[in-house]
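The values are calculated or read from the model by the stated rules, or taken from the named source; none is laboratory data. From a predicted model like this one, the values you see are computed outputs, not experimental measurements. All Cβ positions, glycine included, derive from the backbone under ideal geometry; neighbour counts span all protein chains shown.
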Amino acid sequence: MKKLKIADKVIGEGEPCFIIAEAGVNHNGNVELAEKLIDAAKEAGVDAVKFQTWKTEEIVTKKVSTPEYQKKSSGESQYELLKKLELSEKDFERLAEYARSAKIIFLSTPEGESCTDFVDRLNVPAFKIGSADLTNHLHLAYVARKRKPIILSTGMATLEEVREAVKVIKNAGNNKIILLHCTSNYPVKWRDVNLRAMLTLKREFELPVGYSDHTIGIDVSIMAALLGARVIEKHLTLDKNLPGPDHKASLDPNEFGEMVKGIRSAEKDIVVEGMLGEKLLEISRKVPIEREVLENIEKILGRPEKKPTKSEKEIIKLARKYIVAGKDIQKGDVIAADMLCVKRSGGGLEPKYLDKIIGKRAKSGIRKDEPITFEKVVK
């Protein structure tokens, strides 16, 4: 199986697990808080700290609602929530430099072409692409052409959708791919983890695999490392009681340090599934593994099929991006590429169908940000 490098870290079988502290949006839109997250990540002993870079008006329409888990912390629309959490380019330049001075790898997940170009200018050594963009083939190809390693989360996806995404990236001339198994919900219940699906990705694609962990606690990340995950990503917060959508499902700095310790103990001994409980019990003498976890290993391992869980199916339309009108389109207009864009819109046609829309005539007027469907154009 191929190995690849992110900065000075080699990723692949036989190499240390690459651990990412996902700062995400847990800075709450405050750059000083973001710097403290970098400090906490460094103290925990991770390899990289990762943020998310976007321009709200370019990635989400104003009407699309938030997933259920976000509604619990905010009654706002996705647009309102993301706008409040958005950092500026100057903020990210400051954070990238701060991470460099702290000697920790800085990463960010870019959404859209302009943010991809900007994050590339920050000299990140790799790109992370979130699960919501796995079916956004335009974005995958654009990022792939930067020729840097791509860490691709696969939450909400079928095996066939992962296969299509990998093909798009490789066809763009980039075969430096790491696949992360993920369940796109917060927090993830044990019955929805399905760690065996990570092993399916490894067998199917012969690429380095890992796990993006949205469960409560440190145990499932350690289990994933024992099963061969070469990358682990987990959310980090300074305080689980802070307002915001991801804090409660994140680890605080002390917990993150314990998780890193557990992973470092686990990564030396990749195990077969039958030995998992025995090895976890051994590790639990050094780090706090829940007894309840040891008793529910089969439930956490789940099934090997790579497909969306029931909880993810309810999130897909709110999280993924679809084709929308980039401007008002008049009845009879021939639809050109510059009339369209791709945003979270609550449903519609996936970006891979753009070529089937371009060149068609609009059957009626289509307003800016309105989802485009085949029914709205003349065949």
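A compact table of results
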quantity	calculated
Yes/no for Y186 being under 18 Å from the mean Cα position of the chain (by Cα), under 25 Å from E314 (Cα atoms), outside any helix (DSSP H, G or I) and modelled with pLDDT of 95 or more	no
Any hit, the stretch 314-325, residues being in a strand (DSSP E or B), surrounded by 13 or more Cβ atoms within 10 Å (Cβ to Cβ), without any contact (Cβ under 8 Å) to a residue 60 or more places away in the chain and not hydrophobic (A, V, I, L, M, F, W, C)	yes
Verdict on E76 being more than 23 Å from I6 (Cα to Cα), over 17 Å from the mean Cα position of the chain (by Cα), at pLDDT below 95 and in the same structural domain as K42 (by TED's automatic domain parsing)	yes
Condition met for A40 (crowded, with 16+ Cβ neighbours inside 10 Å, assigned by TED's automatic domain parsing to the domain that holds R147, more than 20 Å from the chain's Cα centre (by Cα) and touching a residue at least 24 places away in the same chain (Cβ under 8 Å))	yes
Filter result for N194 (out of contact with any Gly (no Cβ under 6 Å at 6 or more places or on another chain) and in the same structural domain as P125 (by TED's automatic domain parsing))	no
Criterion violated by R100 - all others in (1) among the basic types (K, R); (2) touching a residue at least 40 places away in the same chain (Cβ under 8 Å); (3) part of a helix (DSSP H, G or I) satisfied	(2)
Helices (runs of 4 or more DSSP H) within the stretch 270-309 that include 3 or more residues in contact with a Leu (Cβ under 7 Å, 6 or more places away or on another chain) and surrounded by 12 or more Cβ atoms within 10 Å (Cβ to Cβ)	276-283, 297-301
Which listed residue is in a loop (DSSP other than H, G, I, E, B), hydrophobic (A, V, I, L, M, F, W, C) and within 24 Å of I19 (Cβ to Cβ), from V119, V124	V124
Scan of the stretch 158-183 for residues that are buried (at least 20 other Cβ atoms within 10 Å of the Cβ), touching a helix residue (DSSP H, G or I) at 6+ places or on another chain (Cβ under 7 Å) and part of a loop (DSSP other than H, G, I, E, B), ordered by number	N174, T183
